[in-house]
Amino acid sequence: MKHELWRWLAPALFLMSGAAAAETGYTLQQTDLKAKPFLDADTRTKLPEKTELEIVLRQGPWMQVKTKNKQLGYVRMLQLRLGSTPTAKDSNGWVSVLGPGTSSPRPSSTTVTMTGGVRGFSEEELQASKPNKAEYDKMKTFAATPDQANSHAAEVKLTARAVPYYGEDGKPLKDQGAKK
Amino acid sequence: MRSVYAVPGILLSLMFVTLLAACAGGGKGGFNLQNVDINQLVQNVKGLREVPEPEEIQIGDGVTETLLGARPLQDDVELQRYVNVVGLWVARQSERPNLPWHFAVNDSDYINAFATPGGNIVITKGMIRVLHNESELAGVLGHEVSHVVRKHHLNAMRKNAAFGLLMQGVQAGSKNQDLVNALAAPTKELYARGLDKSDEFEADRMGVIIAARAGYDPWGLPSALQTLAGVNPDDTYVKLLFKTHPAPSARLEKLAVALGTNFDSVTGGPQSTDQFLRITDRIRIVAAK
């Protein structure tokens, strides 16, 4: 089976592509490095704008990060951008379009080799499309039932809850309200 | 949540037709209507009527055939079924829980996701590849579900004059290949042009909430957008996505205002990383030259 083959090839391909790169990011502005992921937690230090950091984990609106001198702490997710700082974004400072765990970012002009070549979905490919009923019919066969969705939710410990929508200004929208 | 945009559109169009008819009545100062097809205009006005749900679903199915014509499904049954259970769980927390929701992963390395009227969602393999966990997937799907809930694509298509005529075909009720073929051109036009930016910002705000209602860590969508904000915008992998959507950094800035810090109280819920990584493992295997 093709998939089985991939399981064997995967380690070799990762070796070819280099070690999995740690995710990095930088501060958009001066930002507090908090001891814990709470707004009222102790501030360990103030990180200047464009401080480069290693991303350790994601936790709600917070990211645990490590500074270049190995100091750990939390910063607000929205205070960070991933990749290298804009001034360092030459040929290799961008986030990899191949996803986390792949090789470090590459120049956009470089061709990436994947099995069977890169499969695009460009504007040109969209314009050239011919309706594909066979694929549409196949898609329908994968539909989930509400019971299957509920089972999955229970399996990963998801509990539905009432949450109102928020407007552009951050205020809860009373007219749309929370779904009960 | 019903569309609130249809009525003003119909009224405006009726006023326009009435005005033209008055002019055609031979009043002084009126302009010559010999070259204007009133029947065509009336048909277009009819096309602006509220679209019943069965017709919306038929339109969405035709649109989906064209999207899947550009790139077929990813050949991975487990992945397709997984995205459907996650997607349906998310969609059932929306205001349109009983639509015939279908979710599909297409075989494209490019990063994108598409919603069609009536509840079909297509997400690219490339998009899933850059996600870290199921809460990010739920956020992205929540964004697409929001487009369906608010009928963003349907309303955008209705602004197309030719679409009014198409609607007559849908109204006839028979789903046939002629209708699907006729929908191909407006589908390509809309999905290459994209929605209004305000629709995208709204879908971001709603997508976060729908994922939160589903019990996920609501910061999944912002986290996914943060990844996209770090991608080189000149990269071909994101060219169509970035052409048809506001810049990820702009979307994050809008979300930062909309969510603020008072939304921290909604935080919580699993990211469900392990199962997500296990099921998406196969599509993550890539090799650099």
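Over what distance in Å are the Cα centres of the range B:129-156 and the range B:52-96 separated? Result: 11 Å between the Cα centres.
Rolling a 1.4 Å probe over the protein chains gives residue A:151 an accessible area of about 70 Å². Of the two radii for the range B:49-99, the radius of gyration is 1.05 times the Kirkwood radius, both from the alpha carbons; that is the Rg over Rh value. When we measure straight from the Cα of residue A:174, which aspartates and glutamates land under 17 angstrom away, once same-chain ones fewer than 8 places off are left out? Result set, ordered by chain and number: B:95, B:202.
Could you rank the peptides B:83-94, B:132-143, B:190-201 by their average count of other C-beta atoms within 10 Å per residue, with the highest value first?
Values: B:83-94: 25.7, B:132-143: 28.4, B:190-201: 16.7.
Taking the mean over residues of other Cβ atoms within 10 Å, the ranking is B:132-143, B:83-94, B:190-201.
Using R0 = 22 Å, the C-beta based FRET efficiency linking residue A:154 and residue B:77 works out to 0.50. The label-point distance for residue A:54 and residue A:133, in a model that sets each label 7 Å from Cα toward Cβ, rounds to 5.7 nm. Note on the range B:67-217: dipole from Cβ charges, positive end direction compared against B:93, B:157, B:70; the farthest Cα belongs to B:157. With 19 Å as the limit, the listed pairs B:125/B:197; B:197/B:243; A:138/B:188; B:197/B:254; A:36/A:157 have B:125/B:197; A:138/B:188; A:36/A:157 beyond it between alpha carbons.
The values are calculated or read from the model by the stated rules, or taken from the named source; none is laboratory data. Since this is a predicted model, take the numbers as computed values, not measurements. All Cβ positions, even for glycine, are placed from backbone atoms using ideal geometry, and neighbour counts span all protein chains on display. These accessible areas exclude ligands, DNA and RNA; they are computed on the full protein's heavy atoms, side chains included. Shrake-Rupley method; radii C 1.70, N 1.55, O 1.52, S 1.80 Å.
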